[in-house]
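Have a look at the structure below, then the notes.
What follows draws every value from the coordinates through simple rules; no lab data is involved. All figures in this text were calculated on a predicted structure; none of them were measured in a lab. Backbone-built Cβ (ideal geometry, glycine too); neighbour counts: all protein chains shown.
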Amino acid sequence: MKIFLSSILSQGFTLWMKAMFEKRKCIISSIVILAAVTSPSALRAERWNRKYINSLPDSAFASVEQRSDGKRVRHLPHHDHRGKIDLSHLWNALARINQVKWVDPTNEAVARHHLEEHAREYKRRVLADRERQFSININEAPMEELMKLPYVGEARARGIIDYRTQKGPFQSIQDVTEVRGIGPGIFEEIKDYITVEN
Ligand SMILES: [Zn+2]
């Protein structure tokens, strides 16, 4: 029991380390992606002319203020007429938020929070997409690749390699459950990350 527990604990730690490692890779690449998306945004942002921006509803802006003369000022548009976030305008709005002349300066923090929430949501989506793309071919992956799979340590990775060496390539991803130590529970954890190309 003690050995069982400690192996669970150490596996948990390995998994956590893997997750941190993968996250770091993801964060770095998402920053690269963000940077790539950000740079041409200033150009694309010009597509929204004054007339188009004026036609947008209040909800397209990060902040709507009223001046003392009663005139309304709307700042930092970033949703299009359908309500969809326009990424180039979102990055643009974040970049020029400190150039805005606020009627009430406390609105800056509210607008910033609103825009940053969109940016965080976008980053979450990029990370989730990248996570889905992470896949390992169990017919070809070497030991260290297989060990990137959740719950797969040295023993299970060796089991996969021994299996394909002795019985030939896996025909479907379900076949991996025939490997000693990989039951339906582990299969559930790894099935989204494995493929069986030959
Ligand atoms: Zn918004």
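Legend: distances between Cα atoms for Lys51/Lys101; Lys148/Lys191; Lys123/Lys191; pairs beyond 23 Å are Lys123/Lys191. Per-peptide packing, taken as the mean over residues of other Cβ atoms within 10 Å, places 99-111, 82-94 in the sequence 82-94, 99-111 from highest down.
Here Lys167 is the anchor, and the aspartates and glutamates within straight C-alpha reach of less than 13 Å, apart from those fewer than 8 places off in the same chain, are Asp175, Glu178.
For the pair Asp192 and Gln171, the difference between a 0.36 nm per residue extended length and the Cα-Cα distance amounts to 5.9 nm.
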